[in-house]
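Data first, discussion second: the structure below is written as C-alpha cells.
The values are calculated or read from the model by the stated rules, or taken from the named source; none is laboratory data. The structure displayed is predicted, hence computed values, not measured ones. We place every Cβ from the backbone using ideal geometry, glycine too, and count neighbours over all the protein chains shown.
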Amino acid sequence: MSILKGKAAVVTGSTSGIGKGIAEQLAAEGADIMLNGFGDQKEIRQLEEDLARQYGVRVAYSDADMTKPDEIVAMIKKAESIFGAVDIVVNNAGIQHVCPIDEFPADRWDAVIAINLTSAFHTIKAALPMMKQKGWGRIINVASAHGLSASANKSAYVAAKHGIVGLTKAVALEVATQGITSNAICPGWVLTDLVRGQIEARAKSSGRSFEEEKKLLVAEKTPTQDFSTPEQIGKLAVFLCSDAASQMTGAPFSVDGGWMAQ
Ligand code: NAD
C-alpha cells in the first residue's frame, strides 16, 4: 500500500546523496515530490522523469538556492501551486567546511549556517500555514551525529547541526496539538559527495589511498565500522511520515552505526 498517496513533499538538496535517497523512498510510497538542489540540468530532468515513471507520482524541480530566503519561499509557493499543498518538508540541503576556527573563513561560516540551519527556518515558516490548515504535517530535518556531538575543525557545521536539533524541538512544541510532527534524523557517515570530498582531502594530506582513508574515517567513530545508506535514511523518513509515528515528535533519531552510544 502507498501510505503517502495524496501527500506532497518538498525535499531540499535532493539532487544527490541522502536527499535523493529520501525523495526516492517518499515517492515509492506515493508522495508527489518537489526536488531541489544543484547539479547537471540534464541529470536532474532524468531524475524527475525516472521518479515520476517508476512510482506514478508527480515530480517537479526548484533550483532555489538555500542561501536566498526569497528563492526558498518561491520554492514552497511553486510546490503549492503545482501540488495544491505542501504536507511534508524535508530540510536536507547541506554543505561542510573543515578548518580550525582561528583560520575559518567568515564567508564559509556564513554559508554553512545559511544552508544547514537558516534555510530550514524559511521552509518551515512558509509551509507551516498549509499544514495547520489541513491539521496534518511532517517536518523532517536532516541534522547529523554532529547535531548531538562535536568533532574538531567542524565548528560551523557542528553549530548549525546542534542548532537544527534545537529548531526541531522548538517547532515540535509549537505545533504539538495540530497533527504536525517535527523530528530530526542524525546520520553518522553516509558515503555521499559531501563525505567523498572529506576522504579525498584526508588522502591528499596523509599520502594514503582513498580506500585506506575511507576505512580509517569510518573506523574512528563508527562501532559497526560501516556506512549508513541514503536508502536507510529514506526509509526512516517514510516511517516518520506514517501514522505509526504520529506520537514521535521533537526527537533526534540516530542512524549512525552506534556512534552516539560511545
Ligand atoms: P551531498 O553533497 O550529496 O548533497 C547535498 C545536497 O544539497 C545536493 O543536492 C546539493 O546540490 C544541495 N545543496 C548544496 N548547497 C545548496 C544550496 N545553496 N541550495 C540548494 N541546494 C544546495 O551531501 P549529503 O551527504 O547527501 O548531505 C545531505 C545532508 O545530510 C546534509 O545536510 C548533511 O549535512 C547531512 N549529513 C550527511 C552525512 C554524510 O555522512 N554524508 C552525515 C550526517 C549528515
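Structural remarks
- Qualifying residue in segment 211-228 (condition: touching a residue at least 24 places away in the same chain (Cβ under 8 Å) and touching a strand residue (DSSP E or B) at 6+ places or on another chain (Cβ under 7 Å)): yes
- Any chance Ala8 is touching a residue at least 60 places away in the same chain (Cβ under 8 Å) and more than 28 Å from Gln96 (Cβ to Cβ): yes
- Checking Lys132 against (1) out of contact with any Asp or Glu (no Cβ under 9 Å at 6 or more places or on another chain); (2) under 16 Å from Thr12 (Cβ atoms), the condition it does not meet: (2)
- Taken together, the residues in segment 78-105 that are closer than 22 Å to His122 by Cα and away from the ligand (no atom under 16 Å from the Cβ) amount to 9.
Yes/no per residue for (1) among the hydrophobic types (A, V, I, L, M, F, W, C); (2) away from the ligand (no atom under 13 Å from the Cβ):
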{"residue": "Ile3", "(1), (2)": "yes, yes"}
{"residue": "Lys7", "(1), (2)": "no, yes"}
{"residue": "Gly17", "(1), (2)": "no, no"}
{"residue": "Ala28", "(1), (2)": "yes, yes"}
{"residue": "Met34", "(1), (2)": "yes, no"}
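- Checked against the criterion of being away from the ligand (no atom under 11 Å from the Cβ) and aliphatic (A, V, I, L, M), the candidates Leu117, Leu128 yield just one match: Leu128.
- Filter pass, Ile82 being surrounded by 24 or more Cβ atoms within 10 Å (Cβ to Cβ) and touching a strand residue (DSSP E or B) at 6+ places or on another chain (Cβ under 6 Å): no
- Members of segment 20-40 that are assigned to a helix (DSSP H, G or I), surrounded by 23 or more Cβ atoms within 10 Å (Cβ to Cβ) and among the hydrophobic types (A, V, I, L, M, F, W, C): Ile22, Ala23, Leu26, Ala27
- The set of residues in segment 131-166 being within 15 Å of the ligand (Cβ to nearest atom) and in contact with a strand residue (DSSP E or B) (Cβ under 7 Å, 6 or more places away or on another chain) consists of Ile139, Ile140, Asn141, Val142, Ala143, Ser144, Ala145, Gly147, Leu148, Ile164, Val165.
- So Gly6, is it assigned to a loop (DSSP other than H, G, I, E, B), at pLDDT 95 or above and over 22 Å from Phe121 (Cα atoms): yes
- Residue within segment 208-220 that is within 24 Å of Ala245 (Cβ to Cβ) and at pLDDT 95 or above present: no
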